[in-house]
Amino acid sequence: MKIVIMGAGAVGSYYGGVLKRNGIDVTLINRGKHHDAIVDKGLNIRSFWGDYNVDINASNETSNLGVFDLVFLTTKLYSNQDAISKLSNLCSDKTLIITIQNGVSSYDELSNFFDSENIIPAATYIEAEIVSPGTILQKGSSVVIEMGEINGNFSERLKNIKNKLSFEELEINISKDIKASLWKKMISVGAFGTIMTSFRSTFGEITSSMYGEEVLRGTMNEILEIGKLEGVNLEDVDIDKVLDGLKEESDTITSSMQQDLIKSKPLEIDNILGHVVVLSKKYNYPAPFSTTLVSSLQKFKEG
């Protein structure tokens with residue numbers, strides 16, 4: 001299986017390092033100092049399972065790489081249009097594209113340009129960051145990619161991907177309802193990631209502050225209700241249980257959006273919680289917490 005990881009920042013590079021270490025043919029597409037360091041000295045992974053360096057293929061363009069069996073699309077959502085224009089160089093009519101991105105809209109966006117049968121939506125659960133060019137720090141004892149067919153089938157191709165690409169340091173699960181999986185991630189990450197960024201605070205600081213947990217709970221409830229209005233099956237979601245689970249992991253919770261703000265990079269705000277706000281207008285459903293949070297970050301969204 002020949003794999004390319006498009007937009008290999010912290011998360012995509014971690015995947016690439018794990019796959020390469022386990023004998024998979026993988027190429028990273030990235031740029032800047034991170035790309036240069038990987039080409040020069042290899043990719044360094046510091047993780048729960050140990051530290052290692054891998055010599056891995058990396059490129060900053062796609063025109064001469066040929067086609068691949070599988071694409072992991074891990075770009076920021078605001079870069080999708082640029083990524084889509086380059087993906088055609090990497091794909092045949094049999095190439096599968098796994099959209100491992102934040103938010104809930106990637107599948108629909110890519111379906112406007114590629115055969116929807118070749119697109120597999122996915123969510124990931126990982127704490128990772130680039131601590132220096134060419135070096136990824138992964139935190140926590142679990143890294144999961146949850147993927148699923150849009151029709152809910154447990155297809156042979158998903159079983160094949162799971163069997164070939166699951167390792168101790170990268171668990172792949174198959175979802176029977178990937179739309180619900182994406183929205184469940186949005187309920188937690190779309191809320192706390194945006195709040196951490198807006199408040200310039202850690203998760204622990206938010207939940208221990210006077211009104212922080214109220215804002216967190218209110219935002220999560222808004223996302224939940226708007227997801228239901230979209231027709232997603234979220235009846236089994238218990239916000240109290242979600243919050244309790246997050247509190248148990250509070251020491252390891254990070255926000256990629258918060259890191260982007262600190263580094264003066266563009267923010268995915270319009271594509272994550274901003275998407276929820278747009279849907280709230282569509283359904284005339286009041287979302288004051290979400291709207292306020294999105295508004296607070298608008299002037300920073302371009303970096």
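Some points to look at:
- Among residues of region 174-200, those that are touching a strand residue (DSSP E or B) at 6+ places or on another chain (Cβ under 8 Å) and aromatic (Phe, Trp, Tyr), counted: 0
- Considering region 14-26, the residues that are open to solvent by less than 10 Å² (accessible area, probe 1.4 Å) and out of contact with any Leu (no Cβ under 6 Å at 6 or more places or on another chain) include one that is nearest to residue 134 (Cα to Cα), namely 14.
- Count of region 52-89 residues, restricted to those that are in contact with a Phe, Trp or Tyr (Cβ under 8 Å, 6 or more places away or on another chain) and closer than 19 Å to residue 20 by Cα, is 2.
- Flag if residue 247 is part of a helix (DSSP H, G or I) and without any contact (Cβ under 8 Å) to a residue 12 or more places away in the chain: no
- Condition met for residue 148 (open to solvent by less than 10 Å² (accessible area, probe 1.4 Å), closer than 23 Å to residue 292 by Cβ and not hydroxyl-bearing (Ser, Thr, Tyr)): no
- Selection count, region 70-110, where residues are at positive phi and open to solvent by 60 Å² or more (accessible area, probe 1.4 Å): 0
- Residues in region 187-201 that are in contact (Cβ under 8 Å) with a residue 24 or more places away in the chain and either in a loop (DSSP other than H, G, I, E, B) or open to solvent by less than 30 Å² (accessible area, probe 1.4 Å) (or both): 187, 188, 190, 191, 192, 193, 194, 195, 196, 197, 198, 200.
- Filtered residues of region 222-247 (kept if among the hydrophobic types (A, V, I, L, M, F, W, C) and either farther than 17 Å from residue 277 by Cα or open to solvent by less than 60 Å² (accessible area, probe 1.4 Å) (or both)): 223, 224, 226, 232, 234, 237, 239, 242, 243, 246
- Test: residue in region 213-221 that is hydrophobic (A, V, I, L, M, F, W, C), open to solvent by less than 30 Å² (accessible area, probe 1.4 Å) and in a loop (DSSP other than H, G, I, E, B): no
- Checking each residue in region 248-277 for being surrounded by 14 or more Cβ atoms within 10 Å (Cβ to Cβ) and either over 20 Å from the mean Cα position of the chain (by Cα) or of a type in the set (S, T, N, Q) (or both) picks out 250, 254, 255, 256, 258, 259, 271.
The values are calculated or read from the model by the stated rules, or taken from the named source; none is laboratory data. It should be emphasised that the depicted structure is a prediction, and the values quoted were computed from it without experimental measurement. Counting neighbours? That spans all protein chains shown, and the Cβs are built from the backbone with ideal geometry, glycine included. For accessibility, only protein heavy atoms count, side chains too; no ligands or nucleic acids. Shrake-Rupley method; radii C 1.70, N 1.55, O 1.52, S 1.80 Å.
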